[in-house]
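The values are calculated or read from the model by the stated rules, or taken from the named source; none is laboratory data. None of the values given here were measured: they were computed from a predicted structure. Cβ placement follows ideal geometry from the backbone for every residue including glycine, while neighbour counts extend to all protein chains displayed. We work out accessible area using only protein heavy atoms, side chains counted, and drop any ligands, DNA or RNA first. Shrake-Rupley method; radii C 1.70, N 1.55, O 1.52, S 1.80 Å.
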Amino acid sequence: MNDSITLWFNHSISSLDVILRALRSDPALSDCRVIVTNQFPASNLMGLSDAYFQEPKFHSTTDYVEWCKQFALDNEVDFFFPQRAADQILLAHDQFRAGDTEVVMHTGIFDSHLIDSKSWVYGDLAAAGLGDILPAMWTASDNLEHIRALMDQYPQTLCVKPDRGIYGEGFFVLDKGLGLNITQSPPSVGVDTLSHVFPYLYKGQPCIVSEFLPGKEYSVDCAFHRGELLSAVVRKKSSRKHQHIFTPENQSDSRIAGLFEYAEKIGRVLTMNGWSNMQF
């Protein structure tokens with residue numbers, strides 16, 4: 001039997017490196033047993049975990065969730081922080097709890113739509129009076145004629161992205177006419193070309209059309225407890241290998257300070273719990 005608390009992360013994202021280094025440096029958490037699993041045979045996370053496993057391949061997400069339940073039981077996992085298949089794992093949180101594993105959820109009150117639906121999150125923030133955090137114009141749409149009308153109505157450059165999606169997949173700056181340019185950053189697509197690729201990119205699901213906000217992207221990794229922000233790290237994203245890291249103690253830029261403030265407000269409104277990531 002394990003005397004120490006066992007934490008499990010099924011992550012492959014680069015920010016886990018920062019989280020685990022912070023965890024290892026905290027004397028109060030020094031006796032935690034950390035397990036990391038993902039689909040890679042090796043990574044830098046191996047040296048920061050007590051146990052590292054390459055996950056098997058599965059035919060379906062259902063099979064993967066069943067494997068996760070058995071893995072948690074076999075390894076006496078106390079707290080599971082899911083990233084891969086998080087939506088389905090969170091739906092099965094009662095089954096994990098029956099095996100004495102607590103799935104650390106994104107929200108204090110379980111609400112699956114908050115996992116990855118941008119339109120739900122945007123709507124909840126707007127309803128809570130935090131519309132200034134959002135783009136000046138945004139809407140969910142699954143109609144190409146509606147998108148054309150938006151481009152005629154708004155003089156600003158618009159962009160399109162999936163309502164549910166990560167890693168920038170399906171994100172394009174919109175322009176009128178034909179064409180698809182995936183070599184530039186960010187990639188662009190003509191609205192006429194979008195009509196041909198729309199079914200394949202978004203698979204019949206709504207997308208978000210919004211004002212395009214130029215400039216650097218910032219990622220904020222947060223730790224919450226029932227809506228209270230415990231800690232946050234801001235990353236100015238340039239590449240996976242080179243990212244500028246900011247904490248509340250090592251920065252004086254008012255824009256960076258604003259990101260910590262935004263994260264605190266968002267977490268409070270959505271009753272965030274556990275580890276969450278926000279993009280600005």
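Take the alpha carbon atoms of region 1-94, find their radius of gyration, then divide it by 2.2 N^0.38 Å using N residues; give the quotient.
Cα-based Rg divided by the globular estimate yields 1.06.
What do you reckon, how do 255, 268 stack up by accessible area (1.4 Å probe), largest on top?
Numbers: 255 170, 268 130 Å².
Heavy-atom accessible area, descending, gives 255, 268.
If amide H atoms are built 1.01 Å from N in the plane of the peptide, which residues on other chains or at least 5 residues away come under 5 Å of the amide H of residue 272?
108, 227
Which percent of Cα-Cα pairs in the chain sits in each 5 Å bin, short to long?
Pair shares across the bins are 1, 5, 11, 14, 16, 16, 14, 11, 7, 3, 1, 0, 0, 0.
Given the chain, what percent of its DSSP beta bridges are antiparallel, to the nearest 5?
So the antiparallel bridges amount to about 70 percent of the total.
Carbon and sulfur together cover what percent of the accessible area of the chain at a 1.4 Å probe radius?
In the chain, the share of accessible area belonging to carbon and sulfur is 53 percent.
Which number gives the lysine pairs in the chain that have C-alpha atoms under 14 Å apart and are eight or more places apart or on different chains? Kindly include the intermediate steps, with their values, before the conclusion.
Values: 118/161; 161/203; 216/236; 216/237.
The result is 4.
If you take the square roots of the eigenvalues of the alpha-carbon gyration tensor of region 117-235 and sort them as a ≥ b ≥ c, do you get rounded (a/c under 1.5), prolate (a/b over b/c) or oblate?
It comes out prolate by the Cα gyration axes.
How large is the helix-only mean residue ellipticity at 222 nm for the chain, computed as the sum of -39500 (n - 2.57) over DSSP H runs with n ≥ 4, divided by its residue count, in deg cm²/dmol to the nearest 500?
-9000 deg cm²/dmol
Using amide H atoms built in the peptide plane, which far-off residues or other-chain residues are under 5 Å from residue 142 H to H?
207
Placing +1 at every Lys and Arg Cβ and -1 at every Asp and Glu Cβ, with all other atoms neutral, what dipole size does the chain have around its Cα centre, in debye to the nearest 20?
780 debye
What list of ³J(HN,Hα) couplings, whole Hz, do you get for region 272-280 from phi and the Karplus terms 6.51, -1.76, 1.60, once you set θ to phi - 60° and write x for glycine and proline?
So the J values, rounded to whole Hz, are 5, 9, x, 9, 9, 10, 10, 10, 10.
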